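K.L.:
The structure's right below; bear with me while I get my questions together.
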Amino acid sequence: MFQLSRQILKFIIALSIVFIIATAAVYFLLAPKLPDTNTLKETQLQIPLRIFSSEGLLMAEFGEKRRIPVEYQDIPQSMIEAFLAAEDDRFYQHPGVDYQGILRAVYSLLTTGSKTQGGSTITMQVARNFFLSKEKTYLRKINEIILALEMEQVLSKEEILTLYLNKIYLGNRAYGVGAAANVYYGRPLSELTLAEMAMIAGLPKAPSKFNPIINPERAMIRRNYVLHRMWEVGYINEKQYIEASQAPVSALYHGPEIEVYAPYVAEMVRTKLIEDFGEDAYTNGFNVYTTIRAEHQRTANQSLQTALLAYDRRHGYRGPVENIKVDENSSEEILEELLGKFDAIGPLKPAIVTDVSKDSASVYIKKHGFVTLSLASMKWAQKQLSTNSRGAVPKQAADVVKTGDVIRVEKLTADNWQLAQLPQAEGALIAVAPYDGAVTALNGGFEFFQNKFNRVTQSRRQPGSGFKPFIYSAALEKGYTPASIINDAPVVFDDPGLENVWRPENYSGQFYGPTRLREALIHSRNLVSIRLLRDIGAKYAVDYAQKFGFDPNQLHSNLSLALGSGSAAPWDMARAYSALANGGYRIEPYLVQRVVDANGNTLMQAQPHTVCETCLPDEVDLDSAAFKPAQRIMTPQNNYIMNSLLRDVVRYGTGRKAMSLGRNDLAGKTGTTNDQVDAWFNGFHPELVAISWVGFDTPRSLGHYETGGRAALPMWIDFMKEALKGLPEESLEPPVDMVTVRIDPATGLLARPEAVDAIYETFRQEHVPTEMAPAAGQGYAGDSGAAPVIDLF
């Protein structure tokens with residue numbers, strides 16, 4: 001018997017030696033081929049691209065994986081214990097490999113022939129997730145073991161846990177516990193309950209099977225298993241276990257918490273980041289801080305949508321989206337199903353009419369419930385016969401809707417809804433800080449996810465009369481003054497540069513005779529602008545406009561340019577009007593303030609050209625200087641006169657509706673193209689430029705009287721009302737070499753002492769008129785510093 005025992009002992013020793021030699025051989029064979037675990041110290045998790053407003057509010061997130069990295073000290077102890085109980089309760093005792101677990105797995109394999117129990121520790125899971133594939137083979141398991149043992153030599157237990165809890169996939173595109181807390185509960189880790197932590201800890205085993213949103217029953221069973229394990233191990237007491245086990249499943253899907261809705265901006269930034277950094281921008285955890293101001297952007301969104309809906313209501317109702325058969329007793333579930341394919345678009349919610357009476361209609365709004373639309377809320381819905389004509393005013397609800405109509409409604413107040421429809425016309429709005437070009441708000445259309453075409457940057461349209469200030473500014477450089485007189489009279493052109501004989505006229509169809517330039521711009525007199533351009537030359541005007549950033553290839557070098565016949569995007573107009581607002585300096589609008597990587601390193605910092613009235617550009621190395629002074633493109637005197645003229649446009653002319661803001665420091669110019677195809681308002685305060693545009697993507701008339709002052713200016717007013725809150729009124733201070741004198745409004749000459757209708761006008765010192773206006777009853781004869789009546793044709 002003793003001899004047999006000795007033989008068995010020898011066999012065991014020999015077998016152990018063989019096992020050790022075989023293990024060593026396997027290790028030395030495989031280890032050199034495996035990745036270096038030291039790289040985990042510098043590991044870069046795949047973190048999505050995030051875009052923020054200037055205040056640090058989230059605007060967008062791009063990337064396949066949602067991940068919110070957390071440090072070990074920021075992970076609640078109960079969350080750590082939940083994962084240890086569920087996945088590896090001996091984590092702090094084993095060296096990376098749990099031999100007890102491996103023996104259980106081997107025993108299971110020998111007795112059942114199944115590889116159901118893998119014996120994987122958290123360290124081994126980290127090795128697999130970072131370095132290995134997911135195929136279930138014995139070789140991969142051996143590699144896991146080797147990597148886990150090596151990992152424990154270079155990383156602390158806390159570092160391994162941190163990697164694991166940030167890397168593990170937990171369903172619904174959530175990677176790591178930080179993202180899971182946000183996705184399932186919409187809260188940070190620190191605010192989760194014990195039951196919620198246990199729910200998340202139960203997910204790694206089968207994220208889809210135990211998904212609490214899709215499979216709440218299975219998820220509860222798994223959660224309670226985790227809680228039971230926590231109680232068994234001693235992490236929680238019995239009372240905590242019972243209370244947490246009885247908690248209901250409260251998980252709901254929470255998308256990224258967008259705090260500032262600016263999808264057109266986000267898409268522009270995303271495109272720029274991909275151009276600069278490639279596809280890695282989606283996974284390297286870049287945080288992009290833009291120039292967008294949250295309140296400006298929110299106001300821009302609302303102002304644009306309000307203006308387009310108002311325009312649409314003025315032109316009548318086009319009818320329901322479609323009509324669906326509805327039973328009188330249809331349940332909310334059935335109505336929700338019927339509305340399933342119809343999505344909300346901006347502020348417009350899809351609804352279905354369930355009953356119609358004389359003075360109201362009962363409608364069911366998707367994901368809201370039943371409401372009553374009063375006849376008053378439908379009064380606007382005269383049938384649209386054409387762009388310029390509508391049917392009769394509805395006298396009863398049945399004149400507008402019928403049962404089964406799928407319609408869109410807009411919420412006015414908490415309990416008040418109005419019939420609406422998706423506008424066919426589109427719009428754009430951009431706001432820029434004129435002293436450095438920072439874009440503070442940008443909206444390229446009614447709703448990005450319904451139409452991604454960005455009209456701020458991609459739509460080049462005729463600027464109409466909004467281009468006239470640059471013709472006038474060019475004329476000032478040629479010696480004209482605000483008091484120069486030009487004849488506003490009929491004219492016919494047979495110009496080789498134009499296809500047909502051209503008979504331009506003013507919008508009103510009237511002619512006003514000799515007109516001072518100031519009056520001509522205030523009232524946007526077309527014939528004066530044409531004569532002015534003819535005198536200074538179209539080529540000169542194009543070259544001059546190029547200084548403001550206009551593309552000369554998009555400007556017509558003929559007299560139609562006087563009416564804004566070229567092409568420009570709202571972005572271009574914002575750049576050009578910024579020079580008018582900032583004292584005469586060329587700036588470039590920009591959106592990205594800085595780009596920061598996942599470690600907080602600044603990869604890019606904007607260095608915009610900035611207005612500096614005291615800087616001497618010749619003394620600054622523009623290639624190396626952190627501060628880049630903007631280039632002056634207008635003399636201070638020219639800029640002052642143009643500001644004075646454009647302030648009068650708002651006070652007395654086509655932009656006078658803006659005076660509803662109660663400010664005297666606003667300037668701007670309406671723009672309306674032939675047949676009201678495009679409507680613009682280009683306006684500014686000394687601290688903010690804003691450009692609004694309304695039109696159809698496929699150019700056609702907006703309709704009679706839909707000028708810039710009617711279609712686009714209300715959008716600008718609504719935006720500026722909020723954007724300028726708190727800003728003090730700024731007076732217009734004249735620069736040196738400016739002289740103000742009394743002039744005769746009819747001739748532009750110096751007013752006679754006895755004149756009772758004299759007005760004040762400001763001139764450059766060298767252009768002050770020197771001749772007195774003729775006395776009453778006397779004609780004009782002679783020459784003076786003020787131009788006489790100019791009739792160039």
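The values are calculated or read from the model by the stated rules, or taken from the named source; none is laboratory data. Quantities reported herein were computed from a predicted structural model and do not represent experimental measurements. A quick note on method: Cβ atoms are made from the backbone with ideal geometry, for glycine too, and the neighbour counts reach across all protein chains shown. Keep in mind that these areas ignore ligands, DNA and RNA; they rest on the heavy atoms of the full protein, side chains included. Shrake-Rupley method; radii C 1.70, N 1.55, O 1.52, S 1.80 Å.
K.L.:
For the chain, what does the relative contact order come out to in percent, with C-alpha contacts under 8 Å and a separation of six or more?
P.N.:
11
K.L.:
Roughly speaking, what is the stretch gain from residue 478 to residue 612, that is 0.36 nm per residue apart minus the C-alpha to C-alpha distance, in nm to one decimal?
P.N.:
Value of the extension gain: 45.6 nm.
K.L.:
OK, next. Which whole-number percent gives the relative contact order of region 364-472, counting Cα pairs below 8 Å spaced six or more residues apart?
P.N.:
14
K.L.:
Ok, one more. Go through 220, 151 and list them by solvent-accessible area, largest first, probe radius 1.4 Å.
P.N.:
220, 151
K.L.:
Which values, in whole Å and largest first, are the semi-axes of the equivalent ellipsoid of region 376-423 obtained as the square root of 5 times each eigenvalue of the Cα gyration tensor?
P.N.:
Listed largest to smallest, the semi-axes of region 376-423 are 19, 13, 11 Å.
K.L.:
So, with +1 on the Cβ of K and R and -1 on the Cβ of D and E, and no other charges, what is the size of the charge dipole of region 400-446 about its Cα centre, to the nearest 20 debye?
P.N.:
That gives a dipole near 180 debye.
K.L.:
Keeping the other protein chains in place, figure out the carbon and sulfur percent of the accessible area of the chain, with a 1.4 Å probe.
P.N.:
52
K.L.:
Also, quick follow-up: Using only the alpha carbons of region 290-363, what is the convex hull's orientation-averaged projected area in square nanometres?
P.N.:
Mean projected area of the Cα convex hull: 7.8 nm².
K.L.:
Between residue 57 and residue 651, what length comes free when the chain is fully extended (0.36 nm per residue of separation minus the Cα-Cα distance, one decimal in nm)?
P.N.:
Contour length minus the Cα-Cα distance gives 210.1 nm.
K.L.:
Calculate the length of the line joining the C-alpha centroid of region 628-642 to that of region 279-299, in whole Å.
P.N.:
Using only Cα atoms to place each centre, the spacing works out to 32 Å.
K.L.:
Moving to a separate point now. What residues qualify as long-range amide H neighbours of residue 370, i.e. H under 5 Å apart, gap of 5 or more or another chain, H built at 1.01 Å from N?
P.N.:
365
K.L.:
Once the other residues with Cβ under 15 Å from the Cβ of residue 390 are scored (Lys, Arg +1; Asp, Glu -1), what is the net sum?
P.N.:
+3
K.L.:
While we're here: Taking the Cα-to-Cβ direction at residue 539 and at residue 733 and moving 7 Å from each Cα, how far apart do the two end points lie in nm?
P.N.:
Reported label-point gap for residue 539 and residue 733 is 4.2 nm.
K.L.:
Which residue, chosen from 73, 299, 515, occupies the Cα position most advanced towards the positive end of the dipole of the chain, where the dipole is computed from +1 (Lys, Arg) and -1 (Asp, Glu) charges on Cβ about the Cα centre?
P.N.:
Of the candidates, 73 comes out farthest on the positive side.
K.L.:
Output the 0 to 90 degree angle, nearest 10, between the alpha-carbon long axis of helix 138-154 and the longest principal axis computed from the alpha carbons of the chain.
P.N.:
Value to nearest ten degrees: 80.
K.L.:
Given the whole protein assembly as supplied and a 1.4 Å probe, what does the accessible area of residue 417 come to in Å², nearest 10?
P.N.:
Approximately 20 Å² of residue 417 is accessible to the 1.4 Å probe.
K.L.:
Another question, then. What are the ³J(HN,Hα) couplings of region 88-93, residue after residue, when phi is run through the Karplus curve with 6.51, -1.76, 1.60 and θ = phi - 60°? Round to Hz, x for glycine and proline.
P.N.:
In residue order, the calculated couplings are 6, 6, 9, 3, 7, 9 Hz.
K.L.:
Applying 1/(1 + (r/R0)^6) with R0 = 41 Å to the Cβ-Cβ distance of residue 208 and residue 383, what FRET efficiency is obtained, to the nearest 0.05?
P.N.:
0.20
K.L.:
Ranked highest first by average number of other Cβ atoms within 10 Å, how do 500-512, 302-314 line up?
P.N.:
302-314, 500-512
K.L.:
Let me ask you something else. Taking Cα atoms, how many degrees apart are the long axis of helix 263-277 and the longest axis of the chain, rounded to 10 and kept between 0 and 90?
P.N.:
70
K.L.:
Leaving ligands, DNA and RNA out of it, work out the accessible area of residue 342 with a 1.4 Å probe and give it in Å² to the nearest 10.
P.N.:
20
K.L.:
Also, I was wondering about something else. Within the set of other residues whose C-beta is less than 15 Å from the C-beta of residue 744, count the net charge using Lys and Arg as +1 and Asp and Glu as -1.
P.N.:
-1
K.L.:
Toward the positive end of the charge dipole of the chain, about the Cα centre and with charges on Cβ (Lys, Arg +1; Asp, Glu -1), which of 347, 682, 458 goes farthest?
P.N.:
Ranked along the dipole, the leading option is 347.
K.L.:
Two decimals is fine: what is log10 I(q)/I(0) at q = 0.04, 0.09, 0.10 Å⁻¹ for the chain, from a Debye sum with one equal scatterer on every Cα and no solvent?
P.N.:
-0.29, -0.98, -1.09
K.L.:
Normalised radius of gyration for region 324-393, please: alpha carbon Rg relative to 2.2 N^0.38 Å, two decimal places.
P.N.:
With N residues counted in region 324-393, Rg over 2.2 N^0.38 Å equals 1.27.
K.L.:
Still on this structure: Order 323-335, 713-725, 183-195 from most to least packed using the mean count of other Cβ atoms within 10 Å.
P.N.:
Result, highest mean Cβ count within 10 Å first: 713-725, 183-195, 323-335.
K.L.:
Any idea what the dipole of region 523-562 comes to, in debye rounded to 20, about its Cα centre with Lys/Arg Cβ at +1 and Asp/Glu Cβ at -1?
P.N.:
So the dipole magnitude of region 523-562 works out to roughly 160 debye.
K.L.:
Provide 767, 685, 704 ordered by accessible surface of protein heavy atoms (probe 1.4 Å), highest first.
P.N.:
704, 767, 685
K.L.:
Can you tell which of 59, 253, 227 lies farthest toward the positive end of the dipole of the chain, using +1 and -1 charges on the Cβ of basic and acidic side chains (Lys, Arg; Asp, Glu)?
P.N.:
227
K.L.:
Sticking with this one: Any chance you could look up the accessible area of residue 654 with a 1.4 Å probe, heavy atoms only, rounded to 10 Å²?
P.N.:
Accessible area, nearest 10 Å²: 50 Å².
K.L.:
How much accessible area per residue does the chain have, counting only protein heavy atoms and a probe of 1.4 Å, in square angstrom?
P.N.:
I get 46 Å² per residue for the chain.
K.L.:
I'd like the orientation of helix 99-112 relative to the chain: the angle between its Cα long axis and the longest Cα principal axis, in ° from 0 to 90, rounded to 10.
P.N.:
The angle comes out at about 70 degrees.
K.L.:
Would you please give the FRET efficiency between residue 337 and residue 701, computed as 1/(1 + (r/R0)^6) with r the Cβ-Cβ distance and R0 = 30 Å, to the nearest 0.05?
P.N.:
Efficiency computed from Cβ-Cβ geometry: 0.15.
K.L.:
For the residue pair residue 722 and residue 775, what label-to-label distance in nm results when each label sits 7 Å from Cα along the Cα-to-beta-carbon direction?
P.N.:
Between residue 722 and residue 775, the simple spin-label model gives 6.2 nm.
K.L.:
By accessible area of protein heavy atoms, probe 1.4 Å, what ranking do 254, 556, 296 get, highest first?
P.N.:
Ranked list, largest accessible area first: 556, 254, 296.
K.L.:
Something else about it: Evaluate the charge dipole of region 264-365 about its Cα centre and quote only its size in Debye, nearest 20, assuming +1 on the Cβ of each Lys and Arg and -1 on the Cβ of each Asp and Glu.
P.N.:
640
K.L.:
Through the Karplus equation 6.51 cos²θ - 1.76 cosθ + 1.60, θ set to phi - 60°, convert the phi angles of region 205-221 into ³J(HN,Hα) values in whole Hz; use x for Gly and Pro.
P.N.:
Along region 205-221, the couplings run 4, 7, x, 7, 4, 9, 5, x, 7, 8, 10, x, 5, 4, 4, 5, 4 Hz.
K.L.:
Further question: Evaluate E = 1/(1 + (r/R0)^6) for residue 221 and residue 306, where r is the Cβ-Cβ distance and R0 equals 41 Å; express this FRET efficiency to the nearest 0.05.
P.N.:
Plugging the Cβ-Cβ distance into 1/(1 + (r/R0)^6) gives 0.20.
K.L.:
Could you derive backbone 3J(HN,Hα) for region 697-711 from the dihedral phi with the Karplus parameters 6.51, -1.76 and 1.60 (θ = phi - 60°), listing whole Hz in sequence and x where the residue is Gly or Pro?
P.N.:
Result, ordered by residue: 4, 9, x, 7, 5, 6, x, 4, 6, 8, 7, x, x, 9, 8 Hz.
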